[in-house]
Amino acid sequence: MSSTATETPSATLPVPPGTRLVEFRDAIREAMSGEMRRDKRVFLLGEEVGEYNGAYKVSRGMLEEFGPRRIIDTPISESGFAGLAIGAAMAGLRPICEFMSWSFSLVAADPILNNAPKMLYMSGGQFGCPIVFRGNDGAGGQLGSTHSGCVEGLYSNVPGMKIAIPSDPYDAKGLMVTAIRDDDPVFFLESERMLGNKGPVPEEQYSIPFGKAIVRREGTDCTIWSWGRPVHFALEAAEALAKEGISCEVIDGRTIRPLDTETLFRSVRKTNALVVVDQSWPFASPGAEVAAQVAHRCFDDLDHPPLRVHSDDVPTPYASNLEQEYLPNARKICEAVRTATYRA
Amino acid sequence: MSSTATETPSATLPVPPGTRLVEFRDAIREAMSGEMRRDKRVFLLGEEVGEYNGAYKVSRGMLEEFGPRRIIDTPISESGFAGLAIGAAMAGLRPICEFMSWSFSLVAADPILNNAPKMLYMSGGQFGCPIVFRGNDGAGGQLGSTHSGCVEGLYSNVPGMKIAIPSDPYDAKGLMVTAIRDDDPVFFLESERMLGNKGPVPEEQYSIPFGKAIVRREGTDCTIWSWGRPVHFALEAAEALAKEGISCEVIDGRTIRPLDTETLFRSVRKTNALVVVDQSWPFASPGAEVAAQVAHRCFDDLDHPPLRVHSDDVPTPYASNLEQEYLPNARKICEAVRTATYRA
Amino acid sequence: MAMATTPPPSSSPGSNPPSGPTAPLAIGAPSRKAAPLPSEALEIPTDRLHSWLRMMMLIREFELRCMQAYQEKKIGGFCHVYIGQEAVAVGCLEALRKDDPVVTAYRDHGHALARGMTAKACMAEMFGRIDGCAKGKGGSMHMFDKANHLYGGHGIVGAQTPLAAGLAFATKYEDEVIAGRKNSRVTLGFLGDGAVNQGAFHEAMNLAGLLDLPVVFIVENNGYSMGTAIHRGTTMAHRLVAKGEANGLDCYEIDGMDVINVWLKMSKVIEKARATSRPAFVDMKTYRYKGHSMSDPRKYRTREEEEAWDSEDPVGRLQKHLKDRGLLPGETLERFESEVRAEVREAVAFSDASPLTPLSELYHDVFVERMGPYTGTSLPNMLTGKQGVQP
Amino acid sequence: MAMATTPPPSSSPGSNPPSGPTAPLAIGAPSRKAAPLPSEALEIPTDRLHSWLRMMMLIREFELRCMQAYQEKKIGGFCHVYIGQEAVAVGCLEALRKDDPVVTAYRDHGHALARGMTAKACMAEMFGRIDGCAKGKGGSMHMFDKANHLYGGHGIVGAQTPLAAGLAFATKYEDEVIAGRKNSRVTLGFLGDGAVNQGAFHEAMNLAGLLDLPVVFIVENNGYSMGTAIHRGTTMAHRLVAKGEANGLDCYEIDGMDVINVWLKMSKVIEKARATSRPAFVDMKTYRYKGHSMSDPRKYRTREEEEAWDSEDPVGRLQKHLKDRGLLPGETLERFESEVRAEVREAVAFSDASPLTPLSELYHDVFVERMGPYTGTSLPNMLTGKQGVQP
Ligand SMILES: Cc1ncc(C[n+]2csc(CCOP(=O)(O)OP(=O)(O)O)c2C)c(N)n1
Ligand SMILES: Cc1ncc(C[n+]2csc(CCOP(=O)(O)OP(=O)(O)O)c2C)c(N)n1
Ligand SMILES: [Mg+2]
Ligand SMILES: [Mg+2]
C-alpha cells in the first residue's frame, strides 16, 4: 500500500478523534518490524539494539519477536559492522544497520561512503547494496561537539545513495518502509529530539515515495523549505509570521537525495521568495544546494535572493543557551523571511 | 617573507629567462623542508614518506636530511597515525600528516573531522591543533571509484579547519608555508595530476595568506571562479572564449575555507556573471556554496544566475574516456560561460 | 612448513550462541581472591594513604551530586559517573609525575579531579557556565585541563587511544629530538573495555609498539559497555591481554578495586615504560556501580552480581585497610566526610552562581585566531574566515 | 591479584630503532625448509595437478602481458600484478566450492582468473572496454564476477575484510535463518600483510569470532606493503598469528609458494570452518616478485633477497614436482605454454577490439533503478534523482 503526498496528515491539521497516535520511535519500529515479518532477508544490527532494546528504545521488543539471529547486538565497531552489513547486502540480504548516533558513523565513513554507494557502479551493475543505515542525527540535546553532527551536511555530496529525513511519525514509518524496500543504500536520519513526538500513524505498512516533498502549510509570500526537525521551527515561524501578515508556504523535503526540485521550484515560482532551513552547518550544505539551484532555475521569479538558516558555522557547544542559539530556530527563520519579503 | 597576491606570477604570464623553475612536488617539499629547518617541532609522517621517498616522490630526500625521527614511515593505519599526529599537535608539535591519497582519509574521518577541528572549541580554547593534513586529491589518473575522491566536497562543511588547494608550484610552496605556520588544522589538497608541472618558485621561504584569491586572468564579461587543478581548465576555456569575443576573469580561490568572498563579489559585480568550476561532485559542494553566496550578495548585479561546472554526479569511472567526460573540462566551462553571457 | 594451529578454548569465548533465546549473560562475581597486600604496602606513608582516601571520597561525593544535579536538570546531555572505579584513576594518577600527559574517555570526572582539576571547574563545566574548565563548551564528556596535563575527556569510543600514542610521541620527541636528552615522560591513555573493539585502538597499539612509545593503555575493564557484557562484545574476554600481546606490548592484569594495589602495580608499570620507552597494556579489572549513563535501568545484570561487587567497594576497602591498621581514627574519617561534602557543596553553589556562558563565546575558540564577536545573525558570517566581517 | 606480565621478545619485534640511520630492513630469504610433501599429495589426480599448473601459468602469462600493456598505455591507473603469489589464489580457490563467496584486495587478477573469470573479461576491464567484467568502470583493482561468486577486488586496504565477514554472515543466515538448514558455505577473505595494520580488520576478526562466522581470512604475507618490509609496519611480524589468536580464531601458518601444500592445508582449514562455522586466520607466506605497482624500482630490498626467493617460484616448483614424478612430459608443458600464451594473446586482441565503453554508461549503475541516459550537460542533472529529468 502506498500513500501519496496529499493523503498525508499534515503536522498542523487537527487530529480527528479516534485516530491512532504513535510515537516517532514506535513508528520507525513498526516499519522495521513489518518489513521483517514480510521479508526474512531483512535484519537489524547495531550497538545495543537487542538486549538493551536500543539506546533510544527504537527497537524495543524486537529481540523478543525476532530472536538474536535477526536482531544482532554488535560490539562498538562501526567500521566493522557497517562493512559486515554491506557484505551481507551484496550477497542479497537487506540489512538495517543502526548507528546509535550518526556522529559515530564517522569511524565507518569509508564503508558507508567509499564502498556501499559505489559498489553497483564499480562492479558494472553486478552488485547492488540494498541497505539502510539509520540512527540519531543532529544536535539539540546538549551532547557537545563530537556527538551532535548533522551528517547530511557532509554526506549528501556523495552520489549513489539516498537520504531520507522524516519530520513526523507518519513520515518516519512510510519513509522507512520505502528505505527498506529500496534496492540502493539509504541513509535514514532520525532526530533523538523528536523520538517522543506523537502523531497519527496507520497500523498497516505503507510507503512514501522518495523525492516527493510535502507542503506542510500553504502560503503565498515566501517559501520555507526544510527537512527533518527544523520543519517544526519553520511551522512555528510561519505561525508567528502569519500574525504579521506574511503568508509562508512551508515545505518538508522528506528526502535530501533525491531532491524534489519540482515541488521546490513550483512553490518558489508562486511565492517569489525562498528561505531554506537546514540544520547542518552552512558551508557546502544541502541548504546551499537548494539555494543555488533555486537561484539558477527560478532566477527571474525571485524578488529577493534565496536566504539560508543553518546551525552556526562553529562546533556544537555544550551549554544549553549556546546550543539553542547555535541551532536554526523560529526567531532566525522569522528574521530571514522578513528580509526575503522586504518586511525587515 | 610574505607575498601579496599581486606579486605572484600568474600562470599565464611569460616566464623571464633565468627564472628558477621548480616542479609542483618539489615546491611542496621545499616548503616542508624549509619549515623543518626553521622549526624542530615540525615533522612529517605518513605511509612510505621516508625510505620510499613518498608514493609520489613529494618527500624525496627528506629522510636523508632529517632522519627517521622526523620523517616517519607509518603502517597503513590512517586512523591511528592521524590520531597520533593530532595528539602530538595538542602537545605542541607541528605535524605534517600525509595521506597517500585523500581518498584514504575516509578511514580517518573521525580524527580529522570530529576531533582536530573541534579540539580548541570543546576544550574552551585550551588545546589547539596546529597540524597539516596533506596528500593527493581528486580524479584524473584512472584510479577508479574508491581512489578518486575530491574530499573538499565532503569536508568543507566542517568548521574549525582551513582548506588550501594550490594550482601551481608557486602557490604550493607559499600556501604550504602558511599551512605549517598556521595554528589551526589545515587540509592541504594536492593533485597528483599536477605534481610534475613546473613553474617559477623563489628559493627562499615565503608565505601566501589564506583567504586571498588571485586573479589569474582579467576579464569583463564573466567571472570564472575555481580552485586547484580546474583553474587550468578555466584558463584554457578563457583562452578559447576570448577568440569568440567573450572576456573572462579567471580567479583562483587558493583556499576553500576561508573563502575570499571579497574578491569574488568584487569580480562578479564587475562582470555580472559567474561560472564556478569545482572538481567535486555537485550536490552540497563548495561550488554550490559559492553560487549560493553570489546569488545572495550580488543578486542585483547578476545578468544571469550563477552556473556551476562539477564532476558529474556519479562515482568515478575507470575507463579513460568516461573519466575525462566525468571531470570538469574546458568544453563544459565554455558551454556554461556562453550560457551565462547569453551567447549560447 | 609448520602448521601452527591454535584452536580457541573449547567454549569459544565471547561467541554468541548460534540460536535460541539470549539468556542474560552476566560477567559474574569478582573473580579476585583477596590476596594479602605485599609488604611494600606498609611502607606507604599514612598521609599519602589518607590523601588517596580523601580523593576517592571526593570523587564519590562529586558523582553523587552530579546525579542529583542531573535529576534537577542542572546538568544536561550525557553524564557518566565514575562510582566504583575511583581506585583506578586515583591509583594510576598518583603513580604518575605531574607533567606526564593523561587522556581518557567520556567517563572522565574522576580523572579530572584526581589529576588536580577543582571540583568547581569540573562542576561548573557541566552546569554550562563560564567558569567551567572549558567555559561550558565541552560538557561532561570533555574535561580538559592544560595546567594539569589532562588532554581530555573524549566522547568517541576509542578515539583517545591514538591521541595517547601521539602524546607519548610528542613528549619523547621533545626530549630526544628537540632537547637532546633521554625521554622522561610517560603518557597514560585510559579506555573502556568496549573501546577494545574499536579498530583505532589496535592501530594505536601497533604504532606504539613500532615507534617505542612510552604510553600505557589502561583498559578500565568494568565488564560492560552500556548493556553489553564484555564477552558478548569482545573475543578473548577471559584473557584480554591477548589484545596487547598481539602488538608485542608489555601486558598486565591488575585488580582495580584496591587503590594500594593499583598504585603499587602501576608505579612499576609506569616506571618500566619510562625506563624502556616501551608501551604497555593493562587489563584493569573494575566495576561500574551505577548505570552507563543517567537513563540506564541496568536490566542486563542481576542484583546478585551487583551485590557481590558491593564488598569490593574501593572506598570501603581502603577505609577497612586503614582501620585494620589503626590508621583511620573515627574523627579523621568524619573530617574527610565533612570536608568532601563541603567541597562538593561549594562546587555546586559556585556553579549555580557562575554566569551562564555568554553568547559571544559561541564564536570563540573556533580558530586560535579569533573570528570576531557573535553578530546575532543566522547568515553564514563565518564563511569568509575574517574578523567578524559581513560582506 | 594475578599480574600476568608478558614481556615482548628481547629484540622487540617490529619496533624501529629509536634513532640513527635506517638501514634497509629486508624480510630476508625464505625461512621455509623444504619439507617433504605428505603422502596425501600423491593421491591428487594428475589432471587436477595439471589444471593447477596450467592456471598458474595462465596467471603468470596474463600478468606479464598486463605489464606490457601498461607500458603501452593500454591499461591505465594502478595495476598490481600477482607474479610470485599464484600458488595462493590457485591453491585456495581450488579448495573451495563453486558457491563459496570470495573477496579480495586490489591485487586481484589472479583470484579472478582462478575463480573462473575469462582472461578476456579481465583484460578488457583493464583496457576500459564494454566487454570488461565491470564494463570498464571498475578497472584493475575492482574485479567483480557475480556468476563466480567473486565479490571484488577492493582498493581500500583492509576494507574488504568486514565485507568478508558480511558475506559469511549472509550465507550462514540464508542457510540457517531463511532456509532452516545447516550452514553450508565458507567465505574466503584475502588481504595483504599491510592490511593487518588497518583497524577494520581487527573489528572484522572480532565480529567473526563473536558471531561464529564461517570465514577464513587469508593474509597473503608477501613481506611488503609497498616499500615497507613487514616488521617495519607490523608488530609481532615474526608471529603474525598472534593477531588472529587475539580474537580467538583458528590460526595457521602456511607456505604459500607450493600449490600442493596450499591446497592440502587450505582444504582442511576450509572444511573445518565449514563444519564448525568458526572463523580462521591464515598467515600465508609468499613473495611478490615484481614491484608493488608498475612504478616501483624495489630499492627497499636487495637483489640477493629477490634471488633467494627465485628458487621458490610456485610455477617452477610445481613443474619440478611433476617432472620428478614423471608426470610432466615435455610436450604437455609445451602445450600448456602455447595454450596460455594463445589464451592471453586472444584476450589482448579481444580487448583491443572491444568497443570503448560508451559515454552513456557514465550515468548507469549509479542506482539499481536507472537514472536515465547521459544528457551531455555538465549541469547537475542527477540531483533530482529522476529519470533523466532536467527541471
Ligand atoms: C564510536 C562510538 N560508538 C558508540 C558510542 C556510544 N557509546 C558511548 S559509551 C559506549 C559504551 C562504552 O563502553 P566502555 O568502553 O566499556 O566504557 P564504560 O562506559 O564502561 O566506561 C557507547 C557504545 C560512542 N560514543 N562512540
Ligand atoms: C586505506 C588505504 N591506505 C593506503 C592505500 C595505498 N596502498 C595501496 S596498496 C598499499 C600496500 C598494501 O600492502 P599489502 O596489504 O601488503 O598488499 P600487497 O600490495 O603486498 O599485495 C598501500 C599503502 C590504500 N589503498 N588504502
Ligand atoms: Mg566498560
Ligand atoms: Mg604485502
Practice task
Within region D:164-179, identify whether any single residue is under 22 Å from D:Ser225 (Cβ atoms) and either within 16 Å of ligand 3 (Cβ to nearest atom) or modelled with pLDDT of 95 or more (or both), and answer yes or no.
Solution key: yes
Problem - Count of residues meeting criterion [of a type outside the set (Phe, Trp, Tyr), at the interface with another protein chain (Cβ under 8 Å from one of its Cβ atoms) and assigned to a loop (DSSP other than H, G, I, E, B)] in region B:250-287 - result: 7
Completion exercise
Residue hits (region D:99-133; facing chain A (nearest Cβ under 8 Å) and touching an Asp or Glu at 6+ places or on another chain (Cβ under 6 Å)) are D:Gly132, D:Cys133
Exercise for the section: Say whether the condition of being over 15 Å from the mean Cα position of the chain (by Cα), within 7 Å of another protein chain (Cβ to nearest Cβ) and within 16 Å of ligand 2 (Cβ to nearest atom) is met by at least one residue in region C:226-241. Expected result: no
Exercise for the section: Scan region B:167-184 and give yes if some residue there is surrounded by 24 or more Cβ atoms within 10 Å (Cβ to Cβ), within 13 Å of the chain's Cα centre (by Cα) and assigned to a loop (DSSP other than H, G, I, E, B), otherwise no. Expected result: yes
Problem - Conditions (1) on the phi < 0 side of the Ramachandran plot; (2) more than 16 Å from ligand 4 (Cβ to nearest atom); number of the one not met by C:Asn206 - result: (2)
Exercise for the section: May I ask you to list the residues in region D:251-302 that are crowded, with 17+ Cβ neighbours inside 10 Å and at positive phi? Expected result: D:Ser277
Completion exercise
If we take region D:140-252, then helices (runs of 4 or more DSSP H) inside it with 3 or more residues that are within 16 Å of ligand 1 (Cβ to nearest atom) are D:199-210
Completion exercise
Filtering region B:317-344 for residues that are under 23 Å from D:Tyr70 (Cα atoms) and over 21 Å from the mean Cα position of the chain (by Cα) leaves a count of 7
Practice task
Kindly indicate whether A:Ala234 is of a type outside the set (D, E, K, R), more than 12 Å from every other protein chain (Cβ to nearest Cβ) and assigned to a helix (DSSP H, G or I).
Solution key: yes
Practice task
Report yes if A:Leu327 is crowded, with 20+ Cβ neighbours inside 10 Å and either farther than 19 Å from A:Ser285 by Cβ or without any contact (Cβ under 8 Å) to a residue 40 or more places away in the chain (or both), otherwise no.
Solution key: no
Completion exercise
When D:Gly158 is run through (1) surrounded by fewer than 24 Cβ atoms within 10 Å (Cβ to Cβ); (2) within 12 Å of chain C (Cβ to nearest Cβ), the failure sits at (1)
Practice task
Scan region C:206-214 and give yes if some residue there is within 16 Å of ligand 3 (Cβ to nearest atom) and surrounded by 24 or more Cβ atoms within 10 Å (Cβ to Cβ), otherwise no.
Solution key: no
Handout entry: Neighbours by Cβ (under 7 Å, 6+ apart or cross-chain): first from region D:173-200, within 12 Å of chain C (Cβ to nearest Cβ) and under 21 Å from B:Ala82 (Cβ atoms); second among the small types (Gly, Ala, Ser) and within 8 Å of ligand 2 (Cβ to nearest atom)
Key = D:Gly194/D:Ser225; D:Ala195/D:Ala105; D:Ala195/D:Gly158; D:Gln198/D:Gly158; D:Ala200/D:Gly158; D:Ala200/D:Ala159
Completion exercise
Picking from A:Gly245, A:Gly196, A:Gly211, A:Gly219, the residue that is at pLDDT below 95, surrounded by fewer than 23 Cβ atoms within 10 Å (Cβ to Cβ) and assigned to a loop (DSSP other than H, G, I, E, B) would be A:Gly211
Completion exercise
The lone condition B:Gln126 fails out of (1) at the interface with another protein chain (Cβ under 7 Å from one of its Cβ atoms); (2) closer than 30 Å to B:Asp278 by Cα; (3) surrounded by fewer than 24 Cβ atoms within 10 Å (Cβ to Cβ) is (2)
Exercise for the section: Give region B:323-344 a look and list any residue that's in contact with a helix residue (DSSP H, G or I) (Cβ under 9 Å, 6 or more places away or on another chain) and in a loop (DSSP other than H, G, I, E, B), or say none. Expected result: B:Leu327, B:Pro328, B:Asn329, B:Thr341, B:Arg343, B:Ala344
Handout entry: Conditions (1) at positive phi; (2) out of contact with any Cys (no Cβ under 8 Å at 6 or more places or on another chain); number of the one not met by B:Ser167
Key = (1)
Exercise for the section: Return the total of residues in region B:46-74 being more than 8 Å from chain D (Cβ to nearest Cβ) and over 23 Å from B:Asn197 (Cα atoms). Expected result: 7
Problem - Residue identified as out of contact with any helix residue (DSSP H, G or I) (no Cβ under 7 Å at 6 or more places or on another chain), without any contact (Cβ under 8 Å) to a residue 40 or more places away in the chain and within 30 Å of B:Pro111 (Cα to Cα) among B:Gly211, B:Gly287, B:Gly228, B:Gly253 - result: B:Gly287
Exercise for the section: Among residues belonging to region A:82-123 that are of a type in the set (A, V, I, L, M) and assigned to a strand (DSSP E or B), point out the one that is surrounded by the fewest Cβ atoms within 10 Å (Cβ to Cβ). Expected result: A:Met100
Exercise for the section: Report, ordered by the first and then the second residue, all pairs with beta carbons closer than 9 Å, sequence separation of six or more or different chains, a first member in region C:260-285 that is under 29 Å from C:Gly316 (Cβ atoms) and facing chain D (nearest Cβ under 10 Å), and a second member that is in a strand (DSSP E or B) and small (Gly, Ala, Ser). Expected result: C:Val269/C:Ala280
Exercise for the section: With the condition kept exactly as written, say whether any residue in region C:216-232 is in contact with a His (Cβ under 7 Å, 6 or more places away or on another chain), within 16 Å of ligand 3 (Cβ to nearest atom) and within 16 Å of C:Ala89 (Cα to Cα). Expected result: no
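The values are calculated or read from the model by the stated rules, or taken from the named source; none is laboratory data. On a predicted model such as this, the values are computed, not experimentally measured, just so you know. Note that we place each Cβ from the backbone using ideal geometry, even for glycine, and neighbour counts take in every protein chain shown.
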